[in-house]
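Q: The structure follows.
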Amino acid sequence: MKVVGLRWIFLAVLMPGLIGLLLSFAVIYQSENRQLEHNTQQLVRTVSAQVDTALLGAQHALQGLAATSSALDQADMAGFQQQALQFMAASGYGNAIVLVDASGQQLINTLRPYGSALPKTANRAATDYVFAYGKPYVSSLFTGAVAQRPLLAISVPVIRDGKVRYTLTMGINAASLSRFVDAKSLPQGWGLVIYDNKGIIAARTHSPQKYVGQAVIPVLQAGLHGPVDGLMQGSSLDAVSMVGAYHRSEQTGYSVAVGVRESLLLAELGQKLLFPALLLLSVALASGLLMRRFSTQLQGSLRTLASAIDAASQHQGDCHVPENGPAEFVQLAAQFNRMQEMQRAAERTLYEVEHFAGIGRWEWDIASERHSWSEELYRIYGRDPALPPAVFPEVQRYFTAESWARIMTRVEQCLSSGEPYQCDVEVVHSDGSQRWVFITGSAQRDAQGHIVKLQGLTQDISARKRTELALARLNRAMRLVSECNSMLVRAADEAALLSSICQLIVDTGGYLMAWIGFAQFDDARLILPVAQSGAEQGYLESIHVSWGDTPQGQGPTGTAYRLGRTQVNQNCLTNPQMAPWREAALKRGYQASIALPLLAGDNMHGVLTIYAREPDAFQPDEVELLEQLAGDLAYGIAALRNEEARKQAVALQLVSEERYRTVLDNAADPVVIATGKGQLIYANHEAASLLGYGADVLQGMTLLDISPVEEASKMLGILDELTVSHQLRVEMDLQSHSGKVIPVEINAVALPDGNVYAACRDITERKQFEAELEYSATHDKLTGLANRHLLHDRIEQAIARARREHKSVALMLLDLDRFKTINDTLTHDAGDSLLQEVAGRLRQLVREGDTVARLGGDEFMVVMGEVADVADAAGLAAKLLASIRQPLLAAGHHIVVTGSLGISLYPRDGDSLHELIKNADVAMYRAKELGRDEFQFYAPEMNARMLERLELEGSLRHALQNSELELHYQPKVSIADGRITGAEALLRWRRPGHGMVSPAQFIPLAEETGLILPIGAWAIRAVCEQLQQWQRLGLPVVSVAINLSARQFQQSGLAQRVQQEISRHGLHPGAIELEITESALMVDPEKAKHILQALRQLGIRIALDDFGTGYSSLNYLKRFPIDTLKIDQSFVRGLSTELQDAAIARMVIELGHALGMNVVAEGVETEEQRAQLQQLGCDQLQGYLFSRPLPAEQFAAMLAASR
């Protein structure tokens, strides 16, 4: 027997341990390698799904902005830039939005203020792709032209009218992807990189500033052209040996790769095997001595360790190895347990990533039929995490029928081919709601290549789907409108059009049913269907829809017709308007509906009603497009009906054509037919009569033969124009056989046979009427002067001529003084006669070429052109006023009238006709303020005075009702003994905030505005009341003089009103004296005589005021019943200095005494004046020498003191 050496025994003892160590190494290495591959692949798919979610979410949001922007509809770039900024602020997507046209030119860039000069886009490839294919595009990395940093861009088309108008690009900073590769969420030694479809790095865990923008390592470059998933091993850009996996997104083209330091893996593996190796060495050294003792314990411990390793490799729950037994084994178990803890840490990281992205993970071990779901997957399906994963057939309830069929087809294909799959399906949450998810799955094979496991990810994409569905519905509606418009263009029959439109709405629009109803105008007021398409199933026969205000008329269709507005029913089940038809609608699957009135202008043709299979189906953008469709259809119906009416009219025309030929010969108007070259081939009886030729003679003549020589070219032009326009109406002259020129209106038509039909009408009388009408349109009917329209034209011409010749133009505005008084007092015939006489005098004085116009009423304007000097205008103005003031006879009345004239000069006072007329008006009113019967040149300060005058007029209108007017009394004294013999009541106005207003300011204004009549009536009443009060106080009775304006004097019923006031206050008529000016009497002396006689018969005294300043006739003066003459203060003031004034005063006093009148001198202020008047024999004096005008109380005190 061969003796075995100690080393062989040792080797025999060591060999099982060495073999166990090698087997452990193989098992651990294989398990770790598979786990690493699995974890890295899961991680890159998870991160890739996050990147896709972020980029596609931004893409869908950008598509929504492009489709719905009203600013882009109107090409309002400034408005769209504001919308883009608001979009980024609200959504959080991107850091810049750029709008680019087909040339690549940036139109807006949110990084620059609107209006800044912008370069062309740096991302030209994306722009060309979007314009070429009309699809979204996710770009590779590029350096932004404005931002000057690495960017990726999402570009979507802006489609209007079916064409790509712009590319809308949102720039995303490559740095924003760094959140997906954060080192804090990765185990130590791991690294992530995100790169584009060209292999350019967009984000990196380590040293991003250094490597972003560079190309990835070759092994990843090669993976860009292969399968979407792969493993990699090689040196990183940092020259570090790495192992890991990559995944490329087929949706965005961006890839994600993860790498783990190979040295770290080997170190961890070596660390895990260090203690087993040491344990083996210890066992080998002691095995010879302790083999039998420890063999049983060692074998048990190794079996425990092996079981734990197998469980770990198969992920079978807790794989913890008890740390007891030999020390070497305890150490080995501790190392194994630490490895398990590291694996669980990696799984926790993966869970956090999945939860953040909303992605669930699942696995199906085919051999063991073991299923596993991640916690996030339970949340997506709404399944209780305490339950095991759902398996067939239970799992089928989590999917709609259609989605289950789709997913099973993909799973079976994966099981048969091993190819990964992905799809969007609808799942049914445990609460009954439906959601959209994105599912990916891939197969794992064993060493023999058999598929042993399926695993994958499930992500909730409901929000994205809702956005996509909304865009799809909107695009569907836009396509529907486009196709319907095409059909409208081709339509020739109304019934066929309506039926085709309904079919398009169902086929292209995807709606369940559509019908068109027309209203019946009977007692029931029904809306009856005329066209329908889709799933109707007898619905329209089972319902009755009315447009009347009845229960059957309250539904969407009846209401839409009755109100002419769109009615949207988003839910047939809950909408109370659908009560009469709810059961029938739901039975046929109608969940929502919209009723659109077919309204073209003011014509309501009917209602288009559309039904959808889901609630809330009609969103605002879709409703707007459907309203556009309904409007287009309504106008299409109107166009077809108009065309049908036209066809009927043509048919009637053909029927009546023969009858027309018969009528033609007997037509009331002359009719001729000629060839295209003008040869007459037909003339009716009226044509022959008009032209004085026989009809047979005319047929041998040409159109030129019956045209005057000067109209020959016009006649040839008519023939030429008819070859183009085929019909025209023209006026021209014809020449009869006698040579008479006859103006005619010709209605000529080119006939289909090339001949020309012409109907003529003699317009001799109309031409005469038009000439008269043209004259009346530019001239005043009463005076024959130019009217305002012609005046403006003449002013513009004069200004244009003066501008060329550097001269001036004078505008003179003349207003007759007190014309209204004359017109109201005398007959209107007298007023018209006066205006005609004044117009004639003005016309005689102006130069040829100057214009005299009547503006209306008593206002005239003279336009004096080519004014070389202001004196020229002043001279003409003086002549005009002098001519007007000459006495004239109007309708049997001798009248003296004066005028006030204002002058404005171009260019001194303005360069437009409106400004010159306004300034002449201001100057005219200034002339009136200065006493009338004079002219004034415009001065700028007059505008301020005019504003004051308007303000004064406004206040004066309220003065009487606000009791702002009062009377002051100035005594008249006897020159013989100095006692008070009477008083004059003088009007005063105490204006709030201004104090006393001078009578010289407001009394002329009151006369012009007519306020003098109510003020005068108040003054008479107030004087009577005051006299009554003084009588009651026992004061001496004196007469009070009241001033009458010319308008008040001429007012009918004056004597009766004065008598009523005297009687009502119990006064003696002699207590009242009425003062009247000369000019008031001389307006109409005969009428004035009758008024004075009526007053005298009542016992009222009459005083003639301001005697000597007017134009009275002494002949009339002796016939007037006047009691008192008053010498005007202008003559009294100059008694001691002016011989003429003294002579006039003497003459007035002597004349008054000779006629038996009392004489009063007013305005006496000095003792010298009193003495002179006493010497001249004046009877009474009035003036400041004795007293200023006093309020009633003070005058009463003066009366009391004089008793």
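Quick note: the coordinates plus some simple rules give every number you see, no bench work behind them. Quick caveat: nothing in here was measured; it's all calculated off a predicted structure. Using ideal geometry, Cβ is built from the backbone for each residue, glycine included, and neighbour counts are taken over all protein chains shown.
Q: Per residue of the chain, what 222 nm ellipticity follows from adding -39500 (n - 2.57) for every DSSP H run with n ≥ 4, rounded to the nearest 500?
A: Working: 37 runs with 562 residues, N = 1203.
Here the helix-only value at 222 nm equals -15500 deg cm²/dmol.
Q: Hey, another quick one. Using R₀ = 45 Å, calculate the FRET efficiency as 1/(1 + (r/R₀)^6) where r is the Cβ-Cβ separation of Leu111 and Val228; round to 0.05.
A: Numbers: r = 35 Å, r/R0 = 0.78.
Calculated transfer efficiency: 0.80.
Q: What number comes out for the charge environment of Asp549, summing +1 per Lys or Arg and -1 per Asp or Glu over other residues with Cβ under 12 Å away? Mind dumping the intermediate values first?
A: On the way: positive: Arg525, Arg562; negative: none.
With Lys, Arg at +1 and Asp, Glu at -1, the net is +2.
Q: What's the FRET efficiency of Arg801 with Ser1052 using the Cβ-Cβ distance as r and R₀ = 56 Å, to the nearest 0.05? Don't jump to the answer; show the numbers that get you there.
A: Details: r = 51 Å, r/R0 = 0.91.
It comes to 0.65.
Q: Okay, next question. Suppose the chain between Arg990 and Ala868 were pulled fully straight at 0.36 nm per residue; how much longer would it get relative to their current alpha carbon spacing? It would help to have the intermediate numbers written out before the result.
A: Details: separation 122, 0.36 × 122 = 43.92 nm, distance 4.82 nm.
Using 0.36 nm per residue and subtracting the Cα-Cα distance, I get 39.1 nm.
Q: Counting alpha carbon pairs within less than 8 Å and at least 6 residues apart, what relative contact order, in whole percent, applies to the stretch 692-833? Don't skip to the answer; put the middle values down first.
A: Details: 116 pairs, mean separation 16.5, N = 142.
Once divided by the residue count of the stretch 692-833, the mean separation gives 12 percent.
Q: Here's a follow-up. In degrees, nearest 10, range 0 to 90: what is the angle between the Cα axis of helix 870-884 and the longest Cα principal axis of the chain?
A: The helix 870-884 is inclined about 50 degrees to the chain.
Q: If R₀ is 60 angstrom, what is the calculated FRET efficiency for the pair Asp832 and Asn962, using the beta carbon separation as r and rounding to 0.05?
A: Working: r = 39 Å, r/R0 = 0.65.
Given R0 = 60 Å and the Cβ-Cβ separation, E is 0.95.
Q: Now for a separate question. For Cα pairs less than 8 Å apart in space and 6+ apart in sequence, what is the mean separation divided by the residue count of the stretch 961-1201, i.e. the relative contact order in percent?
A: On the way: 396 pairs, mean separation 48.7, N = 241.
With pairs under 8 Å counted, the relative contact order is 20 percent.
Q: Which label marks the calculated value of volume of the Cα convex hull per residue in Å³, given the options (i) 612; (ii) 256; (iii) 408?
A: It is the one labelled (iii).
Q: Next question, about the same structure. Over the chain, what is the relative contact order in percent, taking alpha-carbon pairs closer than 8 angstrom and at least six residues apart?
A: Working: 1982 pairs, mean separation 48.8, N = 1203.
Computed over the chain, the figure is 4 percent.
Q: If you don't mind, there's one more thing I want to ask. Rounded if a/c is under 1.5, else prolate if a/b beats b/c, else oblate: with a ≥ b ≥ c from the C-alpha gyration tensor eigenvalues square-rooted, which is the stretch 583-651?
A: Details: a/c = 4.03, a/b = 2.28, b/c = 1.77.
Note, shape of the stretch 583-651 comes out prolate.
Q: Can you pull the one-decimal nm distance between simple spin-label points at Gln619 and Asp446, each 7 Å off the Cα toward Cβ?
A: Once both label points are built, they end up 5.1 nm from each other.
Q: Okay, next question. So for each of 771-781, 578-588 I average, over its residues, the number of other beta carbons within 10 Å; can you give me the resulting order with the highest mean first? Please report the intermediate quantities before stating the final value.
A: Working: 771-781: 12.5, 578-588: 15.9.
Put in order of decreasing packing, that is 578-588, 771-781.
Q: Sticking with this one: Using just the Cα positions, wrap the stretch 888-1040 in a convex hull and report its mean projected area in square nanometres, one decimal place. Intermediate values should be presented prior to the final figure.
A: Values: hull surface 58.0 nm².
Average of the hull's projected areas for the stretch 888-1040 equals 14.5 nm².
Q: Another question about this same structure. Rank these for me by crowding, Thr825, Thr409, Thr1137, going from fewest to most other beta carbons within 10 Å. Don't skip to the end; give the middle numbers.
A: Numbers: Thr825 23, Thr409 12, Thr1137 8.
Lowest count first: Thr1137, Thr409, Thr825.
Q: With only alpha-carbon atoms counted, please give the Rg and Dmax of the stretch 665-769, in Å.
A: For the stretch 665-769, the Cα radius of gyration and maximum Cα-Cα distance read 12.6, 38 Å.
Q: Taking amide H positions as placed 1.01 Å from N in the peptide plane, with prolines and chain starts having none, which residues 5 or more places from Ala245, or on another chain, fall under 5 Å of its amide H?
A: It is Met232, Val258, by chain and number.
Q: Using the 10 angstrom Cβ neighbour count as an exposure proxy, how do Phe392, Phe1107, Phe131 rank, fewest first? Mind showing how you got there, number by number?
A: Working: Phe392 9, Phe1107 25, Phe131 20.
By the 10 Å Cβ count, ascending: Phe392, Phe131, Phe1107.
Q: Under the rule a/c < 1.5 gives rounded, and otherwise a/b versus b/c splits prolate from oblate, where does the stretch 1088-1203 land using the Cα gyration tensor? Provide the component values of the computation, followed by the final result.
A: Details: a/c = 2.17, a/b = 1.13, b/c = 1.92.
Oblate shape, in that a/c is at least 1.5 and b/c is the bigger or equal ratio.
Q: Treat each spin label as a single point 7 Å out from the Cα along the C-beta direction, and report the Ala492 to Ala132 distance in nm.
A: 4.3
Q: Separate question: Can you tell me how much longer the chain between Tyr29 and Glu1168 gets when fully stretched, taken as 0.36 nm per residue apart minus their C-alpha distance, in nm with one decimal?
A: On the way: separation 1139, 0.36 × 1139 = 410.04 nm, distance 14.73 nm.
The span from Tyr29 to Glu1168 would gain 395.3 nm if fully extended.
Q: For Lys879, Lys928, which order do you get if you count the other beta carbons within 10 Å of each Cβ and list the fewest first?
A: Working: Lys879 15, Lys928 22.
The fewest-first ordering by Cβ neighbours comes to Lys879, Lys928.
Q: Now, a different point. Quick check: pseudo-label points 7 Å beyond the Cα along Cα→Cβ at Met77 and Val697, how many nm apart are they?
A: 7.6
Q: Within the stretch 607-649, which residues have the backbone N less than 14 Å from the label spot 7 Å out from Thr68 along Cα→beta-carbon, could you tell me?
A: In the stretch 607-649, the label zone of Thr68 (backbone N under 14 Å from the point 7 Å along Cα→Cβ) covers 618-625.
Q: At a 10 angstrom cut-off on C-beta neighbours, averaged per residue, how do the peptides 607-613, 1173-1179 rank from highest to lowest?
A: Working: 607-613: 24.6, 1173-1179: 17.4.
Top of the packing list down: 607-613, 1173-1179.
Q: How far, in nm, would the chain grow between Gln1093 and Asp549 when pulled straight, counting 0.36 nm per residue and subtracting the alpha carbon separation? Before the final figure, lay out each step's value.
A: Working: separation 544, 0.36 × 544 = 195.84 nm, distance 7.79 nm.
Gain on stretching Gln1093 to Asp549: 188.0 nm.
Q: What shape does the stretch 749-858 take by its C-alpha gyration tensor, where a ≥ b ≥ c are the square roots of the eigenvalues and a/c under 1.5 counts as rounded, a/b above b/c as prolate, and the rest as oblate? Working shown, then result.
A: Details: a/c = 3.94, a/b = 1.70, b/c = 2.31.
It comes out oblate by the Cα gyration axes.
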